[in-house]
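All of the numbers you see were taken from the coordinates with simple rules; none came from a lab. These figures come from a predicted structure and were not determined experimentally. Note that we place each Cβ from the backbone using ideal geometry, even for glycine, and neighbour counts take in every protein chain shown.
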Amino acid sequence: MKKVLIGAVAASAFFLAGVAQADADLAKNSGCLNCHNVDTKLVGPSLKDIAAKYADQADASAYLADKIVKGSNGVWGPIPMPPNANVSPENAKVLADFILTLK
C-alpha cells in the first residue's frame, strides 16, 4: 500500500510539473515573454511582481485575463501593454492562473 501511495504522489508531482511547463510554454508562444520576464522587469513588470500585486485580489484571475486580451495602460507606468488578439479568452485565463502561481 505504501508503494502505491508513493507512486501516486510521484505521478501527481510529474503531472503538475508538466502542467506548469505547458503554461510556461503558452506564455512564451503567446508573446508574453517578449515584454515580460519571470523574475525581473523587462519592458513590462516581471510576472512575479504581477502575481505579488494581485495575490490578495479575489477577482485577480479574471482581471488579468481581461488585461491580457484587451491590453492595459497606466497600471505599471507609461508604457502601455497592447491587446493580444492571438490569445483566446480561455488561454488568457490559463495564463492569468499561471502568473498568479508564481512567487
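Some points to look at:
- Of all residues in segment 74-98 being surrounded by 19 or more Cβ atoms within 10 Å (Cβ to Cβ) and without any contact (Cβ under 8 Å) to a residue 60 or more places away in the chain, the one that is nearest to Val38 (Cα to Cα): Ala96
- For segment 42-61, the set of residues classified as of a type in the set (Gly, Ala, Ser), over 16 Å from Cys32 (Cα atoms), surrounded by 14 or more Cβ atoms within 10 Å (Cβ to Cβ) and out of contact with any Leu (no Cβ under 7 Å at 6 or more places or on another chain) consists of Ala52 only.
- Pair list, Cβ under 8 Å, 6 or more apart: segment 40-64 residue more than 12 Å from Phe98 (Cβ to Cβ), other residue among the polar types (S, T, N, Q) and surrounded by fewer than 14 Cβ atoms within 10 Å (Cβ to Cβ): Val43/Asn34; Ser46/Thr40; Tyr63/Gln57
- Residue count, segment 24-37 (criterion: farther than 17 Å from Lys67 by Cβ and surrounded by 14 or more Cβ atoms within 10 Å (Cβ to Cβ)): 2
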